[in-house]
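A short write-up of the structure that comes next.
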Amino acid sequence: MAEVSITRSGAETLIPEDYLDQIIQEAPEDSIFLRNARRLPDMSTNQKRMSVLETLPIAYFNNAGAAASDTSYKRTSNVEWQDKFIDAEELSVIVPIPENVLEDTARNIWDEITPLIREAIGNKIDGAVFFGTSAPNAWPDDLYTAANAAGNTIAVGANGDLYDDILGEDGLVALLEQDGYFPNGFVANVAFRGKLRGVRYDQGGGAGTGEPIFQNDPAGAGRYMLDGQPIQFSRNGAWDAGLAHLFALSWDKIVYSIRKDITYKMLDQAVIQDPTDNSIVYNLAQQDMVALRVVMRLGWQVPNPVNRLQPTEANRYPAAVLTPVNPS
């Protein structure tokens with residue numbers, strides 16, 4: 001459980017003598033993962049089981065390599081499934097605040113902080129899913145680790161230039177295609193955006209002579225496209241720039257399920273303890289305080305079913321990563 005608090009000094013700009021009814025702050029950035037991965041029906045228990053195809057059927061010509069016969073035997077083929085599980089894990093935060101500070105503020109302070117709490121939750125989810133940052137043990141390997149294990153990583157510059165690193169015959173997109181997947185989205189570090197602006201298609205004069213591969217989407221203001229697919233830039237602080245510049249993803253092959261959506265509960269009689277030594281941090285009733293407790297439970301998984309192009313699961317994954325030369 002994460003703990004933060006709002007003090008009078010921390011909220012003093014909201015306690016007016018005379019004030020302008022506007023808060024100047026950045027728009028909160030939520031989870032890129034939750035916006036794009038495929039959401040399954042909500043979980044009714046803490047674990048959801050999925051049956052994933054593991055072995056494909058094989059068809060045979062009855063008379064292959066033999067004389068034609070009307071009575072030749074038909075052969076059998078196995079089809080097998082394996083179970084994969086989505087395990088719901090909990091995220092939470094408690095925000096205490098003195099009642100006097102609440103009474104003295106000119107705005108509803110909870111309306112101001114709830115979007116920021118959602119951003120904090122998005123930061124934790126994206127960090128855990130993309131890079132394994134503070135990830136629960138029950139969750140699957142993060143996208144970076146699993147893509148690397150499947151051989152779906154390319155160090156920037158490995159193919160000569162950024163165009164070939166992403167779109168060349170040995171680039172990120174090709175790695176997914178060889179695994180039987182087609183990317184329908186990209187996610188990148190916002191600091192990588194400047195490099196993408198200079199990359200152009202090869203139109204007969206060599207790479208760098210054609211139209212930019214990174215273009216504004218005319219159908220959506222502020223949206224950008226890469227190779228005809230949407231690209232988004234992580235701005236919620238979850239990105240690990242030491243590990244990755246850009247992900248190419250088959251979003252529809254990555255799933256999540258929610259056990260309990262974000263819920264808010266106001267506490268006014270609780271005692272809040274430090275879990276490291278069990279010391280009392282706040283006694284809400286005795287100190288005339290209230291606290292907002294926020295909880296969410298969810299899990300995710302990559303089914304990764306067998307396909308004809310790459311039957312070996314260890315070499316197949318719906319994500320590929322462009323990494324720094326020496327990831328760290």
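Restricted to the stretch 300-326, and to residues there that are open to solvent by 60 Å² or more (accessible area, probe 1.4 Å) and either assigned to a loop (DSSP other than H, G, I, E, B) or over 28 Å from residue 244 (Cα atoms) (or both), the residue that is modelled with the highest pLDDT is 325.
Take the conditions farther than 14 Å from residue 249 by Cα, open to solvent by less than 50 Å² (accessible area, probe 1.4 Å) and in contact with a strand residue (DSSP E or B) (Cβ under 9 Å, 6 or more places away or on another chain) and apply them to residue 143. Does it pass?
Numbers: farther than 14 Å from residue 249 by Cα: no; open to solvent by less than 50 Å² (accessible area, probe 1.4 Å): yes; in contact with a strand residue (DSSP E or B) (Cβ under 9 Å, 6 or more places away or on another chain): yes.
Judged against the criteria, residue 143 is not a match.
Scanning the stretch 146-159 for residues that are within 19 Å of residue 132 (Cα to Cα), assigned to a loop (DSSP other than H, G, I, E, B) and open to solvent by 20 Å² or more (accessible area, probe 1.4 Å) yields one hit, 151. The listed residues are 226, 249, and the only one of them that is at pLDDT 95 or above and either among the aliphatic types (A, V, I, L, M) or touching a Cys at 6+ places or on another chain (Cβ under 8 Å) (or both) turns out to be 249. Look at (1) open to solvent by less than 50 Å² (accessible area, probe 1.4 Å); (2) over 30 Å from residue 197 (Cβ atoms) and you find that residue 297 fails only one, number (1).
Only one of the numbered conditions (1) over 28 Å from residue 31 (Cβ atoms); (2) open to solvent by 60 Å² or more (accessible area, probe 1.4 Å) is not met by residue 283, and that is (2).
Among the listed residues 192, 186, identify the single one that is outside any strand (DSSP E or B), out of contact with any Ser or Thr (no Cβ under 6 Å at 6 or more places or on another chain) and open to solvent by less than 40 Å² (accessible area, probe 1.4 Å). Give the derivation first.
Values: 186 fails: outside any strand (DSSP E or B).
None of the others qualify; the one that does is 192.
The values are calculated or read from the model by the stated rules, or taken from the named source; none is laboratory data. Predicted, not measured: the structure shown is a model, and the values here were computed from it. Heads up, the Cβs are rebuilt from the backbone with ideal geometry, glycines too, and the neighbour counts pull from every protein chain shown. To get the accessible areas, we keep the full protein, side chains included, count just its heavy atoms, and leave off ligands, DNA and RNA. Shrake-Rupley method; radii C 1.70, N 1.55, O 1.52, S 1.80 Å.
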